[in-house]
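Participant: Okay, here's the structure, questions in a sec.
The values are calculated or read from the model by the stated rules, or taken from the named source; none is laboratory data. As the structure is a prediction and not an experimental result, all values here were calculated from the model. Backbone-built Cβ (ideal geometry, glycine too); neighbour counts: all protein chains shown. For the accessible areas, the whole protein counts, side chains as well, though only heavy atoms, and no ligand, DNA or RNA atoms are used. Shrake-Rupley method; radii C 1.70, N 1.55, O 1.52, S 1.80 Å.
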Amino acid sequence: MKSKIIALTLSATLILTAFLTSCGKDVKEIELDNYTTELTTKQTIEFTFPEVGSTAETESESESESESESESETETETETETETESEAESETETEKKTEATTVTAVNNAKTEKSCSEIATAIVADTACFEEQLEESSVSRAELLFGISSTDYSDIAYYVASAAVAEELLVVKAADESKVKTIVNGITERKNAQISDYADYVPKEVPKLEGATIYTDGLYVVFCVANDNSTASKTISAQF
């Protein structure tokens, strides 16, 4: 009978403990008094329950870890997207530079004509000239324009008869410093021709006064034509 009482007491105690724990109370120790004369000492039964809130803290920590992992993944994705965009921009810039280089190369190819080719194309436009121009010697051009072989890398010279002042000089200077030397020689030749033709063929003076002196890089062109305006356009079209 006594053992039954003790068993019931223990059951009741366990139930009470569970109840108090669910209510948020911290029950760490329960003391049981002797219910019979045979149990002369106190018996202490200790129960260990997880503290209230520990589960919530664990869940909170798990959620924080998940959020941190999500943030880390987002940052990684953002960095990857940024790197991809940077690479795309770099490729675009490279393509633009390549296109620009190609265009420059094409333009250079257009202007890399010989002086003879340029002169022939200008002379072929007969609307510009009163007479058909004929090719003359390089030595004559050097003498008339006061230039030497060290001033240029290529040259072509065309003239009409002495009855008219029409002439065409196309020169490619040896370097940039020689462009000015060639232009100065052309200016002196032009002024001398104006003075000479003013005395014996005055009608040719307007042609000389309106003559074209055209420069493009190392190229220098001097043209005295019957229609200097048209000649100027024809010259520009060669570059």
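Participant: Just to confirm, what accessible area per residue do you get for region 169-239 at 1.4 Å probe, in whole Å²?
Facilitator: For region 169-239, the solvent-accessible area averages 47 Å² per residue.
Participant: Another one. Can you pick out the pairs among Lys113/Lys203; Lys207/Lys233; Lys180/Lys203; Lys113/Lys178 whose Cα atoms lie more than 26 Å from each other?
Facilitator: Numbers: Lys113/Lys203 34 Å; Lys207/Lys233 16 Å; Lys180/Lys203 30 Å; Lys113/Lys178 19 Å.
Result: Lys113/Lys203; Lys180/Lys203 exceed 26 Å.
Participant: Excluding Leu208 itself, calculate the net charge of residues whose Cβ lies under 12 Å from the Cβ of Leu208, where each Lys or Arg counts +1 and each Asp or Glu counts -1. Walk me through the numbers before you get to the answer.
Facilitator: Numbers: positive: Arg189, Lys190, Lys203, Lys207; negative: Glu166, Glu167, Asp196, Glu204, Glu209.
With Lys, Arg at +1 and Asp, Glu at -1, the net is -1.
Participant: Starting from the amide H of Asn226, placed 1.01 Å from N in the peptide plane, find each other amide H under 5 Å away whose residue is 5 or more places distant or on another chain.
Facilitator: Amide H neighbours of Asn226, under 5 Å, 5+ apart: Phe129, Glu130.
Participant: Now for a separate question. So how strong a dipole does region 136-226 carry about its Cα centre when Lys and Arg Cβ are +1 and Asp and Glu Cβ are -1, to the nearest 20 debye?
Facilitator: The calculation lands at about 40 debye.
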